[in-house]
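J.: Structure incoming, see below.
The values are calculated or read from the model by the stated rules, or taken from the named source; none is laboratory data. Every value quoted in this text rests on a predicted model; they were computed, and no experiment measured them. Don't worry about glycine lacking a Cβ; one is built from the backbone with ideal geometry, like all the others, and counts go over all protein chains shown.
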Amino acid sequence: MKILKNAGSFVILTPEKELHDQLLRIERAGRTCYQSEKEQVTLETAKNFVKMIIKLGHESVLEHSSMVVQFNNVSRGFTHEQVRHRLTGVSQESTRYVDYAKQGQGPDLDKFQLKCVVPPHRDENEKVELDDSRKMSMKEMFAEIEKFYRGLRKAGWVPQDARQILPIGIKSQIVVSANFREWRHIFAMRTAQPAHWEIRKVMGDLLEKVQKIVPVVFDDFVQAGKDSNGLRYFEKVKK
């Protein structure tokens, strides 16, 4: 089993131009509320309008938008937390149908290899004493799980049965669609100091990326500090 540390990444599947165009849609929709329609809506007028509605707390208008993000090399623990956000569309790697005993081909030779995400601040080779007095490292435990999974498959167990022994740290992939308002909620929850280190790291990186693409939607989030392991956390401030 391959060990992954700080491997979580993302790809924004929505083109940047489309994200910019959605600001215009938000202005057009929002002006309906105030009956203040304009003949010409530009990117600059849209930015000013979005800034205003966020300041006023009228964030329902931000729901006339969508951003799609693919998260790679994240754990099942990460995805379990992400799918708790109900106002999202989700497509995820299935442990029922993906056979991790299968051999990949060509450049994807290790595509189906079991991989596990471990805390970057922990040593996966550290030996810990078990209840039966044996000593084993996290890396050794993962290797045993992989052997057992392959053994179950050879014994005729289908993937959806064999998956029951897989740890919550197993690598996964997930695509998430949400509107800007929901993404703001996700960032508020998952980049805050109490958030789990893995989702906080990946979501923090995503937040900084979208702040560069559509800053007016997300620039009220600022880095507030670092935890004892040196990982950043963010908070939302009033502007």
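J.: Pick from segment 30-42 the residues that are closer than 23 Å to Lys239 by Cα and surrounded by 13 or more Cβ atoms within 10 Å (Cβ to Cβ): which of them is farthest from the chain's Cα centre (by Cα)?
T.: Looking at the filtered set, the residue picked out is Arg31.
J.: When only residues in segment 141-157 that are over 20 Å from Glu124 (Cα atoms) and among the charged types (D, E, K, R) count, which is surrounded by the fewest Cβ atoms within 10 Å (Cβ to Cβ)?
T.: Lys154
J.: Hey, among the residues in segment 69-115 that are among the aromatic types (Phe, Trp, Tyr) and more than 11 Å from the chain's Cα centre (by Cα), which one's modelled with the lowest pLDDT?
T.: Our first condition is that a residue be among the aromatic types (Phe, Trp, Tyr); within segment 69-115, this holds for 71, 78, 97, 100, 112.
In the following step, the residues that additionally are more than 11 Å from the chain's Cα centre (by Cα) were identified as 97, 100, 112.
Numbers: Tyr97: 95, Tyr100: 94, Phe112: 84.
Here the residue is Phe112.
J.: Within segment 197-230, track down each residue that is in a loop (DSSP other than H, G, I, E, B), out of contact with any Lys or Arg (no Cβ under 6 Å at 6 or more places or on another chain) and surrounded by 15 or more Cβ atoms within 10 Å (Cβ to Cβ).
T.: Those that are in a loop (DSSP other than H, G, I, E, B), out of contact with any Lys or Arg (no Cβ under 6 Å at 6 or more places or on another chain) and surrounded by 15 or more Cβ atoms within 10 Å (Cβ to Cβ): Val214, Asp219.
J.: Here is a follow-up. Does at least one position in segment 185-193 carry a residue that is under 23 Å from Gly30 (Cα atoms) and not in a helix (DSSP H, G or I)?
T.: no
J.: Working only within segment 174-197, note down all residues that are within 23 Å of Lys2 (Cβ to Cβ) and within 9 Å of the chain's Cα centre (by Cα).
T.: Narrowing segment 174-197 to residues within 23 Å of Lys2 (Cβ to Cβ): 174-175, 196-197.
Once the filter is applied, which keeps residues that are within 23 Å of Lys2 (Cβ to Cβ) and within 9 Å of the chain's Cα centre (by Cα), segment 174-197 yields Ile174, Val175.
J.: Within segment 145-171, work out how many residues are without any contact (Cβ under 8 Å) to a residue 24 or more places away in the chain, of a type outside the set (A, V, I, L, M) and in a helix (DSSP H, G or I).
T.: Total meeting the criteria: 5.
J.: Surrounded by 15 or more Cβ atoms within 10 Å (Cβ to Cβ), over 21 Å from Thr88 (Cα atoms) and out of contact with any strand residue (DSSP E or B) (no Cβ under 6 Å at 6 or more places or on another chain): is that true of Val61 in this structure? Steps first, please.
T.: Details: surrounded by 15 or more Cβ atoms within 10 Å (Cβ to Cβ): yes; over 21 Å from Thr88 (Cα atoms): no; out of contact with any strand residue (DSSP E or B) (no Cβ under 6 Å at 6 or more places or on another chain): yes.
The answer is no for Val61.
Okay, residues lined up against (1) of a type in the set (Ser, Thr, Tyr); (2) in contact with a helix residue (DSSP H, G or I) (Cβ under 8 Å, 6 or more places away or on another chain):
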position: Tyr34; (1), (2): yes, no
position: Glu44; (1), (2): no, no
position: Glu59; (1), (2): no, yes
position: Met67; (1), (2): no, yes
position: Gly89; (1), (2): no, no
position: Val98; (1), (2): no, yes
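J.: Give the residues of segment 1-29 that are farther than 16 Å from Ser66 by Cβ, of a type in the set (Gly, Ala, Ser) and either in contact with a Cys (Cβ under 8 Å, 6 or more places away or on another chain) or surrounded by 14 or more Cβ atoms within 10 Å (Cβ to Cβ) (or both), sorted by residue number.
T.: Residues satisfying the conditions are Ala7, Gly8.
J.: Separate question: Looking for something within 22 Å of the chain's Cα centre (by Cα) and more than 27 Å from Pro119 (Cα to Cα) - is there at least one such residue anywhere in segment 142-164?
T.: No, segment 142-164 has no match at all.
J.: One residue is enough: does segment 171-183 have a residue meeting the conditions at pLDDT 95 or above, in contact with a Cys (Cβ under 7 Å, 6 or more places away or on another chain) and not aromatic (Phe, Trp, Tyr)? Steps first, please.
T.: The initial filter retains those residues of segment 171-183 that are at pLDDT 95 or above, namely 171-183.
With the extra rule that they be in contact with a Cys (Cβ under 7 Å, 6 or more places away or on another chain), the set shrinks to 171.
Filter again for not aromatic (Phe, Trp, Tyr), leaving 171.
Checked against the condition, which is being at pLDDT 95 or above, in contact with a Cys (Cβ under 7 Å, 6 or more places away or on another chain) and not aromatic (Phe, Trp, Tyr), segment 171-183 yields at least one hit.
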